[in-house]
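Okay, so here's the structure we're looking at.
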Amino acid sequence: MHQLSLYRRRFLPDELIHLKDDIILDVKDDIIITKWEPLRPKAYMSRGVSAYYLNQGFKVSKIYDIDNLLSHWYCDIVQYKPGPVSNSILFEDLLLDVVVFENDSVKILDLDELADALELQLISLEDTKKALRILDKLLKIIYEGRFDELKDPINKAEAN
């Protein structure tokens with residue numbers, strides 16, 4: 001449907017992956033919606049639909065379990081850059097993640113990984129500060145009861 005290519009770069013482990021099997025459902029304004037299957041499926045994660053919020057620095061994913069039921073929402077703190085080929089976007093995983101469960105409880109993940117990556121000089125101090133500021137912005141959205149605003153584009157894309 002769309003000719004755009006997406007790439008993911010991780011710091012731990014250091015890898016660059018072309019997300020060639022992800023299906024782009026919609027591209028508009030500063031949001032890209034994709035559906036995908038995980039590289040390593042698990043009982044709690046058999047597929048997902050994601051919204052890349054290009055101007056906000058996070059990716060919000062609706063995660064389905066093996067029974068095709070909503071498992072949880074997963075938010076990656078990321079930064080976006082031009083990809084390695086024309087008409088591509090690279091998103092760098094800035095290590096911090098937030099899980100939002102159906103009961104609205106929140107779990108913050110991988111603060112230790114960010115500290116380790118900084119200590120090992122795998123991530124810059126500037127990118128670390130950026131990750132923490134984006135995490136703060138996302139948590140404010142969640143705690144202020146506005147997380148549905150981030151879910152809506154995903155739910156609408158799935159309905160089409």
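Readers should treat all values here as calculations from the given coordinates under stated rules, not as data from a laboratory. All values reported here derive from a predicted model rather than from experimental measurement. Every residue, glycine among them, receives a Cβ derived from its backbone with ideal geometry; neighbour counts consider all protein chains shown.
Points to keep in mind about this one:
- For region 121-160, the C-alpha radius of gyration sits at 1.62 times the compact-globule guess of 2.2 N^0.38 Å, with N the residue count.
- Length gained on full extension, SER88 to TYR44: 12.9 nm, using 0.36 nm per residue less the C-alpha separation.
- For the chain, the pair-distance distribution built from all alpha carbon pairs, in bins 5 Å wide starting at 0, is 2, 9, 18, 22, 22, 17, 9, 2, 0, 0 percent.
- Among PRO13, PRO84, PRO38: highest mean-square fluctuation, GNM of the chain, C-alpha pairs under 10 Å: PRO13
- With both residues required to sit in the chain, DSSP beta bridges show an antiparallel share near 90%.
- 5 angstrom amide H check on SER5, placed H, neighbours 5+ away: SER88, ILE89
- Shape of region 63-133, Cα gyration tensor, a/c cut at 1.5: oblate
- Residues LEU111 and ALA159, FRET efficiency given R0 of 41 Å [Cβ-Cβ distance, rounded to 0.05]: 0.70
- Spin-label proximity, SER124 to region 72-93 - amide N less than 18 Å from point 7 Å beyond Cα toward beta carbon: 78-84, 90-93
- Loop-exposed GluC sites (Glu not before Pro) per DSSP, neighbour cap 11 Cβ within 10 angstrom, longest uninterrupted part of the chain: 1-101
- Viscosity 1.002 mPa s, temperature 20 °C, Stokes-Einstein D of region 36-101 from Kirkwood C-alpha radius, µm²/s: 169
- The chain: most fluctuating residue of GLY48, GLY57, GLY145 per GNM, C-alpha cutoff 10 Å: GLY145
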